[in-house]
Every structure is written in C-alpha cells, then in structure tokens.
Amino acid sequence: MKSYYCLVKLLCRRILVIFVAYQLCRVVFIACNKSYFPNIDANSFLGGAVFDLSAIGFTNLLFVLLHLLPGSFQYRKGYQKGLKIAFYVVNLIFLATNFVDFEYFKFTGRRSSFGLITAKGMEHEIGGLIPMFLINYWYLPLGFIVFSVVLWKLLGNADFKNKKTEYKPSIVVKQSAVMLTGLGICFLMARGGINSKPIRIVDAVNYTSIGNTAIVLNTPYSILKTLGSKETLTDPNYYSQTELNKIFNPVLYHPTKGEPNKKNLVIIILESFGDENIHIGQTPFLDSLITQSYYFKNGFANGKVSIDAVPSTMSSIPSLMNSPLISSAYALNEVYGLPKILKKNGYYTSFFHGAFNGSQNFDQYCRVAGFDAYFGKDQYPKDGAFDGSWGIYDEEFLQFFCDKISTFKRPFFSSIFTISSHIPYTIPERYQGKFPKGTAEIHESVAYTDYALRLFFKKAQKQDWYQNTLFVLTADHTSSSGKGKYTNNVGKFRIPILMIDPSNPNFQGVNEKNFQQIDILPSVLDELNISDTIVTYGKSYRSPKDFVVSYVDNVYNYISGDYYLAFDGNKSLGLYNFKNDSLFQNNLLMREPKLKSQMERFIKAYIQSFNERVSQNELTVKKK
C-alpha cells in the first residue's frame, strides 16, 4: 500500500497545482481588467474557489480514476508517463481559455462560452483574425509558454523506488475504497458541493456584487456548462396570461393619420462607437452631426457584441440570452421587422456589411428578416480596399454604399454596418499619422471611421434622394476602452443614437429620456407615418414610457426613469439612481421597497413575455 499511497499523494499534488494555476489565472484576469472591478472582496475569491474546483472536477474525473485504479500496471514507467502527459495536455487546454479572456472580456463583458470555440458566424474571418490577435496581444502567448513550462515541472513524476507488484485481496479492497473515495470527492467538486442542485453559472451572483461575477467564474467552467448545447428558454411563469398582458404586452397597434410619407430610410450602425468614444476629440464629424440631429442623450445598446445589434435594431428584439439570437436555436424564428414592414409599403430593402459574406451570420438573418438584398465583401467591385483580415475599409465601402443606393428604386430602406473600428483596428496605410491616437487602442480607428462617415455624408448630400431620407445612426455596442461609469451594467451599454431628417430643420434637439436600439423600429414607423401591428419589445420615442432592458453575465438590467434594477431571474440584486450615482455606491434595495416591487413586477413580465414568444416562435402577430 505504501507505493499506492505515493500515487495518491502524486494525484493530490497535481490537483493542487491545477487549483493554484486557476487562482493565478484569476489574479491575472483581475489585473488585466482592474478598471471593470472597482470593488473586490474576499467572497469573490471564495466563490471563485468553488467554481474552480467544479471545473477541475469536471475535467479530471477520468484522471482520478486512472490514477487510483488498483493494479500492477500503475508502476509501469510508460503508463505513468502517458498519464502525466494526458493530464497535462487536457488541463492546459482548459487553462488556456482563461488566457483568452484576459483580453476578450473587455469586448463582451462576460466570461466566454462554448460559442467562442465554435466561432459560429465567424468561420471566414477566424483564420485571418487569429494571427492578428497573436500579434496585437503578443504577451499572452509568451506568458502562456512560460506558464506551460512551469506547470509541467510542478506536476511531478511517479516515484518507483518503493514499487511492489504483489496484491492480496485485502489490499485490492483498500485501494478500491481509496479510488471510490477519490471519485466521490471529484464528483462533489464538479457539482459544487453537497447542495441539492449542482451550481450553475447564475449562482456566481451569490458570492459577489453586481458586475463582479466574471471574477467568481472561470472560462473553463463557462465553456463546459455551455458545451455542445444550444441555449433553450424556459417559461418562468411569473404571471397568468391575463395578468402578464396587463403588465407588459409587446403587441403594438401602431395607427397613423394619413398616408405614409414615403421617405427613404438609411440606418448606419457604427462598430464599437460607444458613448465613451465620442465627445473626446476622436469624432469631430459625429460630434457636429449630433448638434444638427435629434439626439438621444441616454442611448443604450441591447447587447454587448455586434451580432446582437442587428435583430435589436431591425426587428426590435432585445438580447436576453447568453447566446445571440442569430446563432441560437431560435435563429430561424419568423420576425416582422423593418425590412418586411417597409417592403409591404413599397420599399426596396438592402443590408450592407463590408466584412466577408456570412460574417456574424448577418446574411442568414437578412433572409429571415426579409431584406431584398445583402451586400458584403464579395459584392465590392474593386481591388485594393481589403484591410488584410476583416473586410473592406470603411471609407471605400461607405462610398460604394452611397453609389449603390443611388441606383435603387424609390423609396428604399438600406442599412450599413461599418467594420474598421473592430479589432485589429486597421486603417489604410495612406492615413498613418493623420488621426489622433487618443488614449485607447481603438481610438485611431474610431477617428478614421468618423472621417469616412464625413465623406459619405458629403457625397450623399449631392444625391437627389438625400433631402427625402430619414437617417438613423447608432453604435452596435460599446468598446473595451470605457473607464469609470462605463464599466458597470449601465455604462457597459451606453451608445449614441440619433435621427436626422434633412427635409425638416426643426427635427433637432436633445432627448433626455432613456432610448435603446429596440426603440428604433417603432420610432421609425412614427417618422415614416406607417400604420401596422407589430411585436416590439421597445417603444417609440414619442411614447410616454421610459424604460431600457439589457442582459449580461446572467443579470437582467432594467432602467426606468432615473433608476436601475439588477435582477437575476429570481431576485433583485441591486437598485440604484444611476443618474445621481453613476458608480453604484448607494444600493437602494432596502430603502425603496415600493419602487423595487414595481420594477420587479415589470421586469418579470418582460422576461416572461420574451421567453414565451421566442421559444414558441411568436414574434409576429398571427393573422386570424
């Protein structure tokens, strides 16, 4: 048994080394993203240990068995060497995913899931983007190499000095008991303890404050929990159907007076133009455009990644899942958004995106949404404008967009999604040194896209369709450069949104109400004077309602007026006056019970309505 106990000690040593490696990854993760976590307490690390042990239990259950199986084969050098290599490789692969989130977290605001590995919708770009990531973040692969070497050395080797191969029945029984005990402990680690239910990603909120759940979680655990499965929505069943419709009903009958005005519609979605990137010297044209537009000062995105922005903007569908709608199990749900509504009213509809065709699954969504045409990199007719990794530079593609829509029959609805302010933030060589570098890596490319936008409007103003066109500009989401108030679950979604009607010089001003991407659809119907019955999770800017809903890191974020409520699907986590307390220092949950109850009532109804309609494919009003 003495030799066998040496193997038990070796297993314990290896598990301990992996556990310490997870802790080290957490410390580095915090260091790389410290501006996003202003308040860290000991409970975050305590909860982190629980989730680390869970990930280790999942990934090492087989190795516990292989280390502890009774038998003389355990003392063969070849077996032990192969076992160490396998243990090392499997654990290293999972630990490597933590290294990805050292930087990728800045863009998503949450730990990466299995979707990161599958890269659904990014199949064409991934080959070109990976080398760019490795070059831009060279210190990550370098650090990982050092980490890998140290890890291998610390795992240790089996000691064969006390090798014995004779087995008595009593010894086999004892070793089997040790093996079963080890497997039992590993199983308890994997499920997160002796609780009645295994821990879930959402349980991270039980250990820390709002916005800090990414510290508690680790990337391997998040990947394992989403491995190979499509997210499915469940009905929380908070209310009866009658009561639900009284609190929130997304079916909106949109009446108007008179005939539609047949104005053209152009929606421009600016990559990563978060509120943190404007009014700081990088966007002189957009800043000036804001002063000549109807500007929503408190504008919000409904998602944290580009793939969320299109269904939100075009179809008034928020992103309330861990998986983007476009790549989820509900990607082919019938939707009735701006393309179909305007097409029914005689519009020619089109969507432009300068990246590779198929990027972000936008082409598929355009077919589902009902666009007449999709224009990607493949449709760009010239050479020499490819940025080397992502697609066509914004300047050339915006000019192509202007030329193309000038050939369309009127009225038309066209949308364009820019790309140059997306990592790797490449700008044309001829503009090196022309734009201010700013204080963040993205800022130079933001300045370039702002310049490209200026040239687009300069050209568009000369076209005969310009005066009869309603323009809507929005960012897709915020960027990774936000500090201070831009790091919490309100600031993470702040973006500029504005509307411009060149034919109406009085359509200008600043709207202080909360406005989100899903509000664009009903607002556009108002401006185009179109009557219809739609399913919308937003509201027109003319509506007296004043709410915003978003979702990140398993927390529903609900804004009503000046107040923000964080809700995890079961209970409220925090209540703040976000306009007076932008850093969330004064939690009002206990001091404002009436307001908490009112806001909980609405967000529960909103979640239930969304889950029911998305899961049952009821995002359109069925004709009877």
Would you tally the residues in region 393-424 being of a type in the set (Phe, Trp, Tyr), open to solvent by 10 Å² or more (accessible area, probe 1.4 Å) and within 15 Å of LEU453 (Cβ to Cβ)? 2
Can you tell me which condition ALA355 does not meet? The list is (1) open to solvent by 10 Å² or more (accessible area, probe 1.4 Å); (2) at negative phi; (3) not basic (Lys, Arg), and all the others hold. (1)
Contacts under 9 angstrom Cβ, first residue in region 74-91 being among the hydrophobic types (A, V, I, L, M, F, W, C), partner surrounded by 12 or more Cβ atoms within 10 Å (Cβ to Cβ) and not in a helix (DSSP H, G or I), 6 or more apart: LEU83/ALA158; PHE87/LEU155
When the residues of region 7-42 are narrowed to those that are among the polar types (S, T, N, Q) and under 18 Å from ASP553 (Cα atoms), which ends up most open to solvent (accessible area, probe 1.4 Å)? ASN39
Taking LYS81 and the conditions (1) within 30 Å of LYS168 (Cα to Cα); (2) surrounded by 15 or more Cβ atoms within 10 Å (Cβ to Cβ), which numbered condition does it fall short on, given that it satisfies the others? (2)
Hits in region 495-509 (condition: within 22 Å of TYR564 (Cβ to Cβ) and in a strand (DSSP E or B)): ILE497
Pull out all pairs, ordered by first then second residue, where Cβ-Cβ is under 9 Å, the residues are six or more apart or on different chains, the first lies in region 188-201 and is modelled with pLDDT of 85 or more, and the second is surrounded by fewer than 18 Cβ atoms within 10 Å (Cβ to Cβ) and assigned to a loop (DSSP other than H, G, I, E, B). LEU188/ILE194; ALA190/PRO198; ARG191/LYS197; ARG191/PRO198; GLY192/PRO198; GLY192/ARG200; ILE199/GLY193
State whether the residues of region 339-348 include one that is surrounded by 23 or more Cβ atoms within 10 Å (Cβ to Cβ) and among the aromatic types (Phe, Trp, Tyr). yes
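Could you identify the single residue in PHE114, PHE133, PHE160, PHE94 that is at pLDDT below 85 and touching a Pro at 6+ places or on another chain (Cβ under 8 Å)?
On the way: PHE114 fails: touching a Pro at 6+ places or on another chain (Cβ under 8 Å); PHE160 fails: touching a Pro at 6+ places or on another chain (Cβ under 8 Å); PHE94 fails: at pLDDT below 85.
When all the criteria are applied, what remains is PHE133.
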Within region 384-412, of all residues that are in a loop (DSSP other than H, G, I, E, B) and touching a Phe, Trp or Tyr at 6+ places or on another chain (Cβ under 6 Å), the one nearest to PHE133 (Cα to Cα) is ASP387
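Results for (1) buried (at least 18 other Cβ atoms within 10 Å of the Cβ); (2) within 28 Å of PRO324 (Cα to Cα); (3) touching a strand residue (DSSP E or B) at 6+ places or on another chain (Cβ under 8 Å); (4) modelled with pLDDT under 95, shown as yes or no for each residue.
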{"site": "GLY433", "(1), (2), (3), (4)": "no, no, no, yes"}
{"site": "ALA452", "(1), (2), (3), (4)": "yes, no, no, no"}
{"site": "LYS462", "(1), (2), (3), (4)": "no, no, no, no"}
{"site": "ASN468", "(1), (2), (3), (4)": "no, no, yes, no"}
{"site": "LYS492", "(1), (2), (3), (4)": "yes, yes, yes, yes"}
{"site": "ILE500", "(1), (2), (3), (4)": "yes, no, yes, no"}
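When you check TYR448 against the structure, is it more than 21 Å from the chain's Cα centre (by Cα) and open to solvent by less than 30 Å² (accessible area, probe 1.4 Å), yes or no? Can you show your working first?
Values: more than 21 Å from the chain's Cα centre (by Cα): yes; open to solvent by less than 30 Å² (accessible area, probe 1.4 Å): yes.
Spelling it out, TYR448 is indeed more than 21 Å from the chain's Cα centre (by Cα) and open to solvent by less than 30 Å² (accessible area, probe 1.4 Å).
Yes/no per residue for (1) at pLDDT 95 or above; (2) crowded, with 16+ Cβ neighbours inside 10 Å; (3) under 16 Å from GLU527 (Cβ atoms):
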position: THR226; (1), (2), (3): no, yes, no
position: LEU233; (1), (2), (3): no, yes, no
position: SER240; (1), (2), (3): yes, no, no
position: LEU244; (1), (2), (3): yes, yes, no
position: HIS254; (1), (2), (3): no, yes, yes
position: LYS263; (1), (2), (3): yes, yes, yes
position: VAL266; (1), (2), (3): yes, yes, yes
In region 25-48, residues that are more than 25 Å from the chain's Cα centre (by Cα) and in contact (Cβ under 8 Å) with a residue 24 or more places away in the chain total 3
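Would you call GLY121 at pLDDT below 75 and at negative phi?
On the way: at pLDDT below 75: yes; at negative phi: no.
No: the conditions fail for GLY121.
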For the condition open to solvent by less than 40 Å² (accessible area, probe 1.4 Å) and not basic (Lys, Arg), what is the one hit in PHE94, PHE105? PHE105
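Going by the conditions given, is ALA331 open to solvent by less than 20 Å² (accessible area, probe 1.4 Å), under 21 Å from VAL490 (Cβ atoms) and of a type in the set (A, V, I, L, M, F, W, C)? Spell out the reasoning first.
Numbers: open to solvent by less than 20 Å² (accessible area, probe 1.4 Å): yes; under 21 Å from VAL490 (Cβ atoms): no; of a type in the set (A, V, I, L, M, F, W, C): yes.
Against the criterion (open to solvent by less than 20 Å² (accessible area, probe 1.4 Å), under 21 Å from VAL490 (Cβ atoms) and of a type in the set (A, V, I, L, M, F, W, C)), ALA331 does not qualify.
Does GLY258 meet the test of being in contact (Cβ under 8 Å) with a residue 12 or more places away in the chain, within 28 Å of the chain's Cα centre (by Cα), assigned to a loop (DSSP other than H, G, I, E, B) and surrounded by fewer than 20 Cβ atoms within 10 Å (Cβ to Cβ)? If you could, list the steps in order and put the result at the bottom.
On the way: in contact (Cβ under 8 Å) with a residue 12 or more places away in the chain: yes; within 28 Å of the chain's Cα centre (by Cα): no; assigned to a loop (DSSP other than H, G, I, E, B): yes; surrounded by fewer than 20 Cβ atoms within 10 Å (Cβ to Cβ): yes.
No, not satisfied.
Take the conditions touching a residue at least 24 places away in the same chain (Cβ under 8 Å) and open to solvent by 20 Å² or more (accessible area, probe 1.4 Å) and apply them to VAL64. Does it pass? Full working, then the answer.
Numbers: touching a residue at least 24 places away in the same chain (Cβ under 8 Å): yes; open to solvent by 20 Å² or more (accessible area, probe 1.4 Å): no.
No, not satisfied.
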Give me the pairs, please: first residue somewhere in region 278-299 and under 16 Å from ALA447 (Cβ atoms) and open to solvent by less than 40 Å² (accessible area, probe 1.4 Å), second residue anywhere and outside any helix (DSSP H, G or I) and aromatic (Phe, Trp, Tyr), beta-carbon distance under 8 Å, and either six or more positions apart or on two chains. GLN282/PHE435; THR283/PHE273; LEU286/PHE273
Could you go through region 482-494 and let me know if any residue there is part of a helix (DSSP H, G or I), in contact (Cβ under 8 Å) with a residue 60 or more places away in the chain, aliphatic (A, V, I, L, M) and within 20 Å of ASP275 (Cβ to Cβ). no
Return a yes/no flag: does region 33-43 have any residue that is among the acidic types (Asp, Glu) and either in contact with an Asp or Glu (Cβ under 7 Å, 6 or more places away or on another chain) or assigned to a helix (DSSP H, G or I) (or both). no
Out of curiosity, is ALA177 buried (at least 17 other Cβ atoms within 10 Å of the Cβ) and over 26 Å from GLU103 (Cα atoms)? no
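The values are calculated or read from the model by the stated rules, or taken from the named source; none is laboratory data. All figures in this text were calculated on a predicted structure; none of them were measured in a lab. Note that we place each Cβ from the backbone using ideal geometry, even for glycine, and neighbour counts take in every protein chain shown. When the accessible area is computed, the model is the full protein with side chains, heavy atoms only, and any ligands, DNA or RNA have been set aside. Shrake-Rupley method; radii C 1.70, N 1.55, O 1.52, S 1.80 Å.
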